[in-house]
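Down below is the structure, laid out as C-alpha cells.
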C-alpha cells in the first residue's frame, strides 16, 4: 500500500462511517475496484483507522461525554445487542465480508428504506423524544436495529437512525445517538480485530497507519457536521438515491462479468 491508497481508504472510512451509506460496503467496493486485496496489512489498516473516526465523535461531542451516569447507561444498553450478537455470529459475519454482490443488494434495499423513511416519519405524529428521555427499552430496540449492520452494505448509522426514529426521536437526535453508539461499538470491534493483527505490522507501516488514522479523523469530523445539517434540512432520501445508484451500478457490472 502506498500513501495515495492510504489517503483514499482513509477518505472513504472517515466520510462514510457516520453517513447512512455503509463504510464497510464502500471500503469493500473501492478495494475490489482498485484490485487491493483486503488481506494482510490492508485489512489491518482498514480496522485501525476506525479509531480516527471514533475520536472525531469524542472531540465534536466532548460535552456529552462528561461524567453523566444516565447518558452512559443509555449508550451501554444500546451497545449490548451488537456486542452479544457480534460475538456469537463473528465467524458467519467474517464469511460474508468482501462479497461485492451482497454489498450491492444491501445498498439498494437500504436506499429504498431511507427514501420510505422520509415520507413515513414525516406524516407520522412523533413524540419527539429527546435522548435524555429514552427508556432503557427504547435504547435496547435501537441497539437491535444497529445489528442489521452486520450485513455488509447495510450501514450501522442508517440502521440505528431508523431505530431511533421508530422510538420517536427526531432526525437530529436519532443521528447523534447513532454517533454515540458508534463509540463503544466501533471501539470494541476494532480492538478485538486489531489485537491479533498488530503482530503482523512492521515499523515501515506505522507511518501509513498514523497517516490514515489522522486523515480518517479529519474526514469524519467534516462528515458528521455536514450530515447533521443535511438531514435536518432535507431528510434521508438523497442518501437513499445515492445508495440505489451505486448498488445498481455494481450489480450491473457484476452481471457483465466485471471484477
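The values are calculated or read from the model by the stated rules, or taken from the named source; none is laboratory data. Note that the structure is predicted; figures quoted are calculated from it, not measured. Quick reminder, even Gly has a Cβ in these numbers, built from the backbone with ideal geometry, and neighbours come from all protein chains shown.
Miscellaneous remarks
- Here residue 193 clears all of (1) assigned to a helix (DSSP H, G or I); (2) surrounded by fewer than 16 Cβ atoms within 10 Å (Cβ to Cβ); (3) modelled with pLDDT under 90 except the condition numbered (2).
- Single residue of the range 1-48 satisfying the filter (within 25 Å of residue 229 (Cα to Cα) and outside any helix (DSSP H, G or I)) that is modelled with the lowest pLDDT: 22
- Test: residue in the range 2-16 that is without any contact (Cβ under 8 Å) to a residue 40 or more places away in the chain, within 22 Å of residue 189 (Cβ to Cβ) and in contact with a helix residue (DSSP H, G or I) (Cβ under 6 Å, 6 or more places away or on another chain): yes
- Every residue from the range 163-181 that is within 14 Å of the chain's Cα centre (by Cα) and more than 16 Å from residue 144 (Cβ to Cβ): 175, 176, 179, 180
- Subset of the range 232-259 that is touching a residue at least 40 places away in the same chain (Cβ under 8 Å) and not in a helix (DSSP H, G or I) - its residue that is farthest from residue 22 (Cα to Cα): 259
- Residues in the range 17-62 that are closer than 20 Å to residue 198 by Cα and free of Cβ contacts under 8 Å to residues at least 12 places away in the same chain: 37, 39.
- Residue within the range 54-67 that is in a helix (DSSP H, G or I) and within 19 Å of residue 153 (Cα to Cα) present: no
- Flag if residue 200 is at negative phi and outside any helix (DSSP H, G or I): yes
- Residues within the range 198-231 that are loosely packed, with under 14 Cβ neighbours inside 10 Å, without any contact (Cβ under 8 Å) to a residue 60 or more places away in the chain and over 18 Å from residue 52 (Cα atoms), tallied: 5
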